[in-house]
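Step one of this worksheet: look at the structure below.
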Amino acid sequence: MEVGAITTVSVDPQAVAAAALLVDAFADYNARFADITRRARRRFERRDWRQAGVDARARIDLYGICIRETQGRLDVLLDDRLRSRALWIALRQAYEQQVAALADRELYKTWFNSLSRRHFHTRGVAPELEFVVLDREPYTEGSDAAAHQCYRADGDLTVLCDRLLADAGFAYADRAGCAARLASTLTARLPGMGVLAIEAIDILQAVFYRERRAYLVGRLRGGHRRHPLVIALVHADDGVRVDALLTARAQISILFGYARSYFHADIDNVGAVVAFVRALLPHKPLEELYTVLGRAKQGKTERYRRVFGHLAIHAEERLVPADGQRGMVMAVFTLRDLPVVFKLIRDRFAAPKDTTRGEVEAKYRLVFRHDRAGRLVDTQEFRQLRFPLRQIDPLLRDELLTECADTVSVEGDELVIAHCYVEHRLRPMDLYVREVGEAEACRAMCDYGQAIKDLAGSNIFPGDLLLKNFGISRNGRAVFYDYDELCLLEECRFRAVPPMREEDETRPLGEWLYAAPADVFPELFVNFLGVPPRLREALCAAHPQIFDPQWWCAMQARLRAGEYVDVAPYPAEARLSA
């Protein structure tokens with residue numbers, strides 16, 4: 001992120017040495033990142049799902065570990081000059097020169113920024129000490145620069161499909177049968193894709209792994225059209241087989257979405273692969289693509305670039321309170337014209353909330369490292385953000401300075417936020433079901449029920465099931481985004497409501513029904529939905545299990561026994577027929 005011209009300074013040997021240390025440190029991090037990523041293939045082939053989960057968490061934690069190691073090395077090298085601004089100005093210049101010819105140099109620059117900001121506790125940005133640019137794409141390569149294999153369609157499509165499956169190198173249960181079903185399914189879908197004939201299929205060299213599936217990601221070329229194509233593989237008892245073919249952009253967008261855990265894909269040039277995928281999903285923001293490939297810090301950089309670049313260009317833009325009910329734990333605001341929300345922990349929580357700031361932060365860390373199953377929005381944690389006061393709604397400014405004074409302050413003509421979470425903006429579900437027609441509202445309620453089941457299968461209980469805590473995505477999916485009461489399913493005690501005695505009929509529920517902190521009464525969920533009877537009936541008919549304490553207890557037993565509850569990241573219609 002560079003602002004302004006680079007100031008010419010005399011060469012400082014210590015700065016040059018420190019720059020080389022940082023370049024080497026990022027290369028070391030990258031190599032360790034790749035080592036963990038490459039294990040995904042072995043885990044898939046051996047069906048070692050437990051270790052795959054361990055690897056996923058270890059890779060997420062790796063960045064912080066390597067940053068701390070690098071800080072220690074810098075301490076030794078720079079000694080009492082460690083916080084010399086003059087040295088870091090020279091160091092930044094030397095570092096830029098050393099990474100100028102490297103692939104993915106923007107990732108190197110984000111690495112530098114992580115270290116610079118930690119040493120100087122930067123409030124806002126310090127252009128002379130970090131890389132700050134708001135109007136530059138983080139890659140210069142075209143989409144064709146990504147390593148991929150081209151399969152020309154100059155004969156039988158089944159033969160082409162067999163070749164691309166063979167090149168993936170797995171031990172298939174029935175490769176010929178998979179290739180035949182793949183070819184026939186693809187042929188049947190061509191009219192709906194607007195493609196008259198297939199000229200070629202390009203498949204990225206890297207196989208994408210996540211949870212218990214592997215994906216071959218590519219594009220179909222026909223005429224002047226390039227259409228996304230993803231082949232999903234599963235490892236069954238008898239070997240690997242093709243489970244699904246995704247050709248609808250909406251389905252593939254969800255697969256690469258902000259509610260999913262990160263892919264493990266062994267990629268040499270991340271920017272080129274991002275360019276490849278973005279050419280097929282042009283609406284997908286860069287921060288989501290980098291993040292879903294496991295480059296969460298670069299995702300943060302791209303989100304910062306998009307938000308503050310937008311504010312710089314659109315002087316009329318305003319930060320305003322987000323739509324929906326006022327949160328008891330979080331103050332939430334948004335940009336009018338950009339689909340992101342900022343969430344700040346309030347200084348004090350209204351009753352009946354009895355949690356603490358530390359406990360709320362722990363919930364967000366849990367989600368960051370957990371399988372999100374397509375139902376938990378990915379959240380990025382930011383510190384020391386500066387917003388122009390003139391672009392902040394006065395009512396919002398007053399609320400933040402009053403309710404979040406521990407983390408919000410005014411410095412000159414800027415509002416400084418010491419700590420917040422940033423997420424993709426969703427339409428609050430309680431508003432959504434009132435805004436759309438009954439049929440669409442019923443569909444959303446049914447997906448809300450499925451979201452609760454999907455989360456349960458991944459060992460997550462949302463805690464607060466009110467519709468205001470769920471949002472509806474652009475693709476119509478219900479996604480949970482309020483984490484202050486979220487917990488692991490294994491921590492809950494699901495109970496049936498005891499029979500009501502005659503003398504209890506006129507007493508409030510809380511006076512005759514005792515509930516310990518971990519107690520949950522699923523039968524009562526329906527009482528708090530706050531929707532018209534028709535929507536409540538649609539949910540109860542589609543998902544009666546979520547109101548049954550025995551179903552929840554059975555789910556807990558399945559998880560304790562080590563059973564994996566499959567939550568497919570694509571709809572049933574994407575699956576190949578047997």
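What follows is calculated from the coordinates using simple rules that are stated; it is not laboratory data. Computed from a prediction, not measured in an experiment: that's the story for all the values here. Don't worry about glycine lacking a Cβ; one is built from the backbone with ideal geometry, like all the others, and counts go over all protein chains shown.
The ellipsoid equivalent to the alpha-carbon distribution of the range 144-304 has semi-axes of 26, 19, 14 angstrom, derived from the gyration tensor eigenvalues as √(5λ) and listed largest first. With loop membership from DSSP and a limit of 15 other Cβ atoms within 10 Å, the longest segment of the chain without chymotrypsin sites (Phe, Trp or Tyr not before Pro) is 1-513.
Dividing the mean sequence gap of close Cα pairs (under 8 Å, 6+ apart) by how many residues the chain holds gives a relative contact order of 11 percent.
The convex hull of the Cα atoms of the range 429-574, projected and averaged over all directions, covers 10.2 nm². Debye sum, Cα scatterers, the range 158-251, no solvent: what log₁₀ I/I(0) at q = 0.11, 0.14 1/Å? Each listed q maps to, in turn, -0.29, -0.48.
If you put +1 on each Lys and Arg Cβ and -1 on each Asp and Glu Cβ, how big is the dipole of the chain around its Cα centre, in Debye rounded to 20? Result for the chain is approximately 980 debye, rounded to the nearest 20. For Lys343, give me every one of the lysines with a C-alpha distance below 20 angstrom, ignoring sequence neighbours fewer than eight places off in its own chain. List returned: Lys297, Lys300, Lys353, Lys363, Lys468.
Averaging the Cα positions of each part gives two centres, and for the range 390-419 and the range 527-555 these lie 41 Å apart. Remark: the range 13-120 projects, on average over all directions, an area of 7.2 nm² (convex hull of Cα atoms).
Note that the range 316-327 has calculated 3J(HN,Hα) couplings of 7, 5, 10, 8, 9, x, 6, 5, x, 5, 5, x Hz, one per residue in order, obtained from phi through the Karplus relation 6.51 cos²θ - 1.76 cosθ + 1.60 (θ = phi - 60°); glycine and proline are x.
Rg and Dmax of the chain, both derived from C-alpha coordinates alone, stand at 25.7, 88 Å. Normalising the average separation of contacting C-alpha pairs (under 8 angstrom, six or more residues apart) by the number of residues puts the relative contact order of the range 193-340 at 14 percent. Relative contact order for the range 13-120: 45 percent, from Cα pairs under 8 Å spaced at least 6 residues apart, divided by residue count. Taking every DSSP helix (H) stretch of at least 4 residues in the chain, weighting each as -39,500 (n - 2.57) and dividing the sum by the residue count yields a mean residue ellipticity at 222 nm of -14000 deg cm²/dmol.
To one decimal place, what orientation-averaged projected area in nm² is obtained for the convex hull of the Cα set of the range 358-430?
6.3
Applying both filters, DSSP loop and at most 16 other Cβ atoms within 10 Å, to the trypsin sites (Lys or Arg not before Pro) of the range 89-162 gives Arg136. Both radii were evaluated on the Cα set of the range 416-498; the Rg over Rh quotient, with Rh as the Kirkwood radius, amounts to 1.03.
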